[in-house]
Amino acid sequence: MKITLSVIKADVGSIGGHIRPSARLKQTVENYVREHGRQLLIDSYVGSTGDDIAILMSHQLGVDSPKIHELAWKAFMAGTAVAKEQGLYGAGQDLLKDAFSGNVRGMGPASCEMEFDERPNEPFLLFAADKTDPGAYNLPLYLGFADPMYCPGLLLSPQIAKGYSFTIMDVSYTEGDRIIELKAPEELYDIACLLRDNERFVVESVHSRATDDIAAVVSTSRLHNIAGKYTGKDDPVALVRVQGNFPATGEILSPYRLSHYVAGTMRGSHNGPLMPVKLNSGVSFFDGPPVVSAAGLCMHEGKFTEVVDLFDHPFWDWVRNNAAEKAAEIRMQGFSGPAMLPYSELEYGGVVDKMNQLDKRFNVRGASGSAKGRSKAA
Ligand code: F6R
Ligand code: MG
Ligand code: MG
């Protein structure tokens with residue numbers, strides 16, 4: 001049976017700053033999807049991570065279905081009405097356009113979708129991250145799908161050993177989707193060379209080379225490329241199919257033990273460790289640290305089981321403690337060097353304006369016409 005999984009997520013308001021949506025807001029989105037999706041969806045699940053709400057939907061309308069995208073858009077509109085009524089902060093923040101035009105891509109919400117022939121048992125994972133951007137998944141996906149240090153299936157399973165192909169998008173290109181497909185293991189160094197740069201090159205999808213089946217998809221939108229100004233980080237979602245011809249759940253999860261540093265956290269302008277958190281967690285320290293949740297599900301004929309909270313386990317408490325230490329450590333140096341993002345990635349215009357003003361006050365010492373230069377005055 002061919003099934004499409006669609007995840008569409010947005011921040012349409014939260015309590016106490018950019019922290020967590022209200023229960024009523026979440027319930028409104030969930031109710032809207034359930035009521036209005038009756039004819040369209042097989043099943044749905046609504047969860048939150050930080051200030052973002054993710055809607056997971058199973059259906060048979062394929063990827064990029066205007067009906068599915070419209071359903072999610074309208075659910076977020078209904079949520080926005082409640083957020084305004086409750087006085088939530090940033091009500092409707094991610095709905096950047098007034099009128100829906102067929103697809104949420106380019107309109108603010110993030111989305112990722114995959115269509116496939118459902119296996120007799122279909123385990124898959126839904127990742128949702130807040131206070132960071134889509135490149136946050138680059139390293140975990142690389143390690144989970146291409147590094148035998150994390151994915152021993154690459155050594156132990158003949159099917160998995162055939163490797164995976166990575167479709168990588170250049171997200172700085174705004175005229176269209178600029179993508180490249182690279183194959184692991186042969187092109188591992190090329191893949192690493194691109195994925196090193198989380199802000200520019202982002203894994204869009206991963207396919208099995210044994211079967212050509214889709215294994216993973218990531219939302220790749222970059223809000224500041226859409227809005228042209230600060231509107232928050234992109235807080236990406238991802239879907240990963242697991243087991244059988246794909247890495248095991250534990251292989252996909254194992255790289256999250258690193259809590260690697262990613263872009264985001266305070267004002268979307270710093271580096272912080274990606275902390276694996278329980279479903280429906282908020283954020284806190286320094287508007288962060290960047291967080292990621294993981295829901296595990298099985299699906300049969302499009303119907304979901306209940307959700308397992310994959311980072312709700314004592315092991316991840318230890319990881320969270322380490323992540324907190326990493327967060328505190330990098331915060332010790334405030335604005336200096338790698339603690340803060342490079343100029344091109346700063347999400348607020350303040351530093352840019354300041355630099356423009358200061359630029360006029362620079363002189364090249366000894367250059368003709370630089371009468372005001374200190375070297376001349378001295
Ligand atoms: C939002 C975020 C926060 C905000 C900060 C200031 O996702 O990362 O760090 O940037 O709380 O928010 P504003 O500018 O809305 O007052
Ligand atoms: Mg936000
Ligand atoms: Mg957010």
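Overview of results
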| read-out | value |
| --- | --- |
| Single match in 58, 6 (criterion: surrounded by fewer than 24 Cβ atoms within 10 Å (Cβ to Cβ), part of a strand (DSSP E or B) and touching a residue at least 12 places away in the same chain (Cβ under 8 Å)) | 58 |
| Filtered residues of the range 232-251 (kept if buried (at least 24 other Cβ atoms within 10 Å of the Cβ) and either within 16 Å of ligand 3 (Cβ to nearest atom) or in a loop (DSSP other than H, G, I, E, B) (or both)) | 233, 234, 235, 236, 237, 238, 246, 247 |
| Condition check for residue 276: within 22 Å of residue 215 (Cα to Cα), modelled with pLDDT of 95 or more and in contact with a Ser or Thr (Cβ under 8 Å, 6 or more places away or on another chain) | yes |
| The range 256-292: number of residues that are part of a loop (DSSP other than H, G, I, E, B), within 15 Å of ligand 3 (Cβ to nearest atom) and touching a helix residue (DSSP H, G or I) at 6+ places or on another chain (Cβ under 9 Å) | 8 |
| Of all residues making up the range 31-54, the number that are more than 13 Å from ligand 1 (Cβ to nearest atom) and either polar (S, T, N, Q) or out of contact with any helix residue (DSSP H, G or I) (no Cβ under 8 Å at 6 or more places or on another chain) (or both) | 12 |
| Any hit, the range 71-88, residues being outside any helix (DSSP H, G or I) and within 15 Å of ligand 2 (Cβ to nearest atom) | yes |
| Unmet criterion (only one of (1) more than 20 Å from the chain's Cα centre (by Cα); (2) within 16 Å of ligand 3 (Cβ to nearest atom)) for residue 184 | (2) |
| Subset of the range 74-104 (residues that are more than 21 Å from the chain's Cα centre (by Cα) and on the phi > 0 side of the Ramachandran plot) | 87, 102 |
| Failed item, numbered, when residue 332 is tested on (1) over 29 Å from residue 44 (Cβ atoms); (2) aliphatic (A, V, I, L, M); (3) within 22 Å of the chain's Cα centre (by Cα) | (3) |
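The values are calculated or read from the model by the stated rules, or taken from the named source; none is laboratory data. A quick note: this is a predicted structure, and the numbers were derived from the prediction, not measured. Note that we place each Cβ from the backbone using ideal geometry, even for glycine, and neighbour counts take in every protein chain shown.
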